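Structure record follows, encoded as structure tokens.
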Amino acid sequence: MEYKTTAKLVIQACDKDLPGVFGHGCVLLLQGIAREHSLNRAAKSMGMAYSKAWRIVNEAEGQLGCKLIERDGARGSTLTPAGERAIAVYEELQADINNVIATKANDLIASINQSSQFGTGPYSHTTPSHKLR
């Protein structure tokens, strides 16, 4: 049987009682801005109100202390170098987290299966998990 493990990275200011400042949703929004060259079009492509998208970017910029996008009125928006780096670093860190979790989960499943096969685990007297439906 195959298993899927997931964990979502969220960067949050420790000194403030705010929701996550920078996470998967913000990254998706920034990627949309890079693709669409517009905060408004990126928001619409995600089914999000412009005001919410603006608030997400504005709060992330405020908490991270850097500009993530350049707004140029009617010409749209583009990512700043900091915005591009933020996406790249987030994606790399998320991939690392996913790899660690997948490895640890596989180790856990293997350990559980090994214990139940040899009757050595604390619950070895119970029905093996692979026989449960």
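The values are calculated or read from the model by the stated rules, or taken from the named source; none is laboratory data. Everything numeric in this text was worked out from a predicted model, so none of it was measured. Here the Cβ is made from the backbone with ideal geometry for all residues, glycine too, and neighbour counts use every protein chain on show. Each accessible area value is taken on the protein alone, full model and side chains, heavy atoms only, with ligands, DNA and RNA left out. Shrake-Rupley method; radii C 1.70, N 1.55, O 1.52, S 1.80 Å.
Overview of results
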item	result
Contacts under 7 angstrom Cβ, first residue in region 60-81 being free of Cβ contacts under 8 Å to residues at least 24 places away in the same chain, partner polar (S, T, N, Q), 6 or more apart	67/80; 70/77; 70/78; 70/80
Residue within region 90-101 that is modelled with pLDDT of 90 or more, in a helix (DSSP H, G or I) and crowded, with 16+ Cβ neighbours inside 10 Å present	yes
Residue among 47, 62 that is among the small types (Gly, Ala, Ser), under 20 Å from residue 80 (Cβ atoms) and exposed (fewer than 15 other Cβ atoms within 10 Å of the Cβ)	62
Conditions (1) in a loop (DSSP other than H, G, I, E, B); (2) open to solvent by 50 Å² or more (accessible area, probe 1.4 Å): number failed by residue 13	(2)
Among residues of region 93-117, those that are among the β-branched types (Val, Ile, Thr) and in contact with a helix residue (DSSP H, G or I) (Cβ under 9 Å, 6 or more places away or on another chain), counted	1
Output for region 62-87, where each listed residue is under 16 Å from residue 32 (Cβ atoms) and assigned to a helix (DSSP H, G or I)	83, 84, 86, 87
Yes/no for residue 53 being surrounded by 15 or more Cβ atoms within 10 Å (Cβ to Cβ) and under 21 Å from residue 8 (Cα atoms)	yes
